[in-house]
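Read the structure below first, then the notes.
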Amino acid sequence: MRAWRPILALVALSALLAGCGDDSTTGGEAAAAPAGPWQFTDGSGQVVKADKTPTRIIAHAGEAAALMSFGIKPVGIYADESVKTDPNLKNLDLTGIEILGQEWGKIDVEKAAALRPDLIVGDWWPAEKAHSGMEEGVDEKSKKLAELAPVVGVSQGKSIVALADGYESLAKSLGADVSKPEIAANKQRFEQAVAAFKEAVAAKPGLTVAAMSPADDKVYVANPPYAPELLDLKSWGLDVLTPASPDPGFPYWENLSWENADKYQPDLILWDGRSFTATANAEWGKKQPTWFKIKAAKAGATVSWPAFWLHTYGDFATELDKLTAAVKAADPNVGD
């Protein structure tokens with residue numbers, strides 16, 4: 001997905017890492033699919049139909065994790081990084097699943113064709129009008145994945161909650177039993193995490209945050225209208241800064257030169273979790289001194305933000321717990 005663009009510039013500094021996921025419901029045996037006919041309304045608004053319910057599914061990493069949390073096991077997965085570090089996959093049992101790619105924009109379509117898929121699952125990205133793995137900039141050979149089977153996915157839109165709900169609906173249409181106790185337990189854990197987050201935010205009036213991603217060439221400031229997890233945080237009371245001048249051609253971010261890195265002064269930096277490490281803040285302060293002109297960075301007021309990868313209630317609950325702890329520890333006066 002193009003929302004990864006700033007991270008690609010960080011490879012020389014650190015591996016693409018993120019917070020640990022915690023969806024234990026990997027599903028075990030695949031659910032028994034109803035005979036059909038089958039249909040599902042794609043995130044693009046198109047209704048995708050088939051004479052029988054798909055059973056041989058290839059999915060993008062996060063979407064695969066979502067389906068697996070409801071007991072639907074894909075035959076193949078393509079990821080944007082190593083499946084060992086992908087935050088969606090690194091705690092899941094991938095035994096028996098063919099790995100078709102571990103780099104953004106590169107999918108082994110010949111290997112995929114050998115799996116005889118009857119459905120491809122990838123998020124729909126409205127800003128790009130494309131599904132995951134089929135956007136502008138990927139290898140043309142990789143785009144041929146869409147010729148193997150119908151493609152569906154839930155839209156990356158206004159809420160991760162809506163995204164998770166959408167994949168629950170897709171899994172149910174594919175034969176998953178979404179009433180299992182372990183699924184309900186993950187939802188309950190998520191609801192508890194949301195309640196704790198709201199309480200922490202309410203206790204810190206005036207706290208401002210900005211979601212940021214430092215890179216070799218620029219500092220990227222995330223634009224919440226194009227980041228559903230940030231919109232969820234805002235809906236729960238967190239004051240997430242909306243940048244004044246997002247890139248017109250790539251509205252996920254405002255791009256700041258390093259000379260202007262301190263354009264915004266939040267009290268807490270939500271650091272793109274795909275590049276966040278325990279020492280990253282200090283390393284950037286040495287590499288680019290203007291990073292520490294951001295008062296929150298100088299104070300070490302940073303926390304990992306689960307950028308553009310969340311798909312399940314369990315993972316969101318885990319990440320919310322981390323954010324709640326950071327909010328509780330934050331000083332609302334740092335950015336003054």
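The values are calculated or read from the model by the stated rules, or taken from the named source; none is laboratory data. Just so it is clear, the model here is predicted, and its values are computed rather than measured. FYI the Cβ positions are ideal-geometry reconstructions off the backbone, even for glycines, and counts take in every protein chain you see. SASA here: full protein model, heavy atoms, side chains in, ligands and nucleic acids out. Shrake-Rupley method; radii C 1.70, N 1.55, O 1.52, S 1.80 Å.
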Over the chain, what percent of the accessible surface lies on carbon and sulfur atoms, probe 1.4 Å? 52
With label points built 7 Å along Cα→Cβ from the Cα atoms of residue 182 and residue 147, find their separation and express it in nm. 3.9
When the chain is fully extended, how far beyond the present Cα-Cα distance does residue 336 get from residue 84, taking 0.36 nm per residue of separation? 86.7 nm
Loop-only trypsin sites (Lys or Arg not before Pro) in the range 61-143, please: DSSP not H, G, I, E or B, and at most 13 other Cβ atoms within 10 Å. 84, 129
Those lysines that a straight Cα-Cα span of less than 24 Å connects to residue 204, excepting residues fewer than 8 apart in one chain: 234, 263, 293, 295, 298, 322, 328
In the range 101-228, with Lys and Arg counted as +1 and Asp and Glu as -1 at Cβ, which of these residues, 215, 112, 157, has the Cα nearest the positive end of the dipole, that is, farthest along it? 157
Filtered hits (aspartates and glutamates, Cα-Cα < 13 Å from residue 84, offset >= 8 within chain) -> 93, 103
The chain, accessible area per residue, ligands and nucleic acids excluded (1.4 Å, Å²): 41
Say a site is exposed when it is one of the GluC sites (Glu not before Pro), sits in a DSSP loop, and has at most 16 other Cβ atoms within 10 Å; what is then the longest site-free stretch of the chain? 137-336
Any helix of the chain counts here only if DSSP assigns it H throughout, its Cα atoms span 18 Å or more along the axis, and its mean Kyte-Doolittle hydropathy is at least -1.0, and such helices are 160-173, 181-202, 313-329
Which of the lysines could be linked to residue 52 by a straight reach, that is with a Cα gap under 26 Å, when you skip same-chain ones fewer than 8 residues away? 73, 111, 143, 144, 172, 180
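About the Cα centre of the chain, what is the dipole size in debye to 20, counting +1 per Lys and Arg Cβ and -1 per Asp and Glu Cβ, all else neutral?
In total the dipole reaches around 180 debye.
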Hey, with R₀ at 30 Å, roughly what FRET efficiency would residue 52 and residue 114 work out to, going by the Cβ-Cβ distance, to 0.05? 0.90
Taking +1 at the Cβ of each Lys and Arg and -1 at the Cβ of each Asp and Glu, which of 68, 245, 179 sits farthest along the dipole of the chain towards its positive end, judged by Cα position relative to the Cα centre? 245
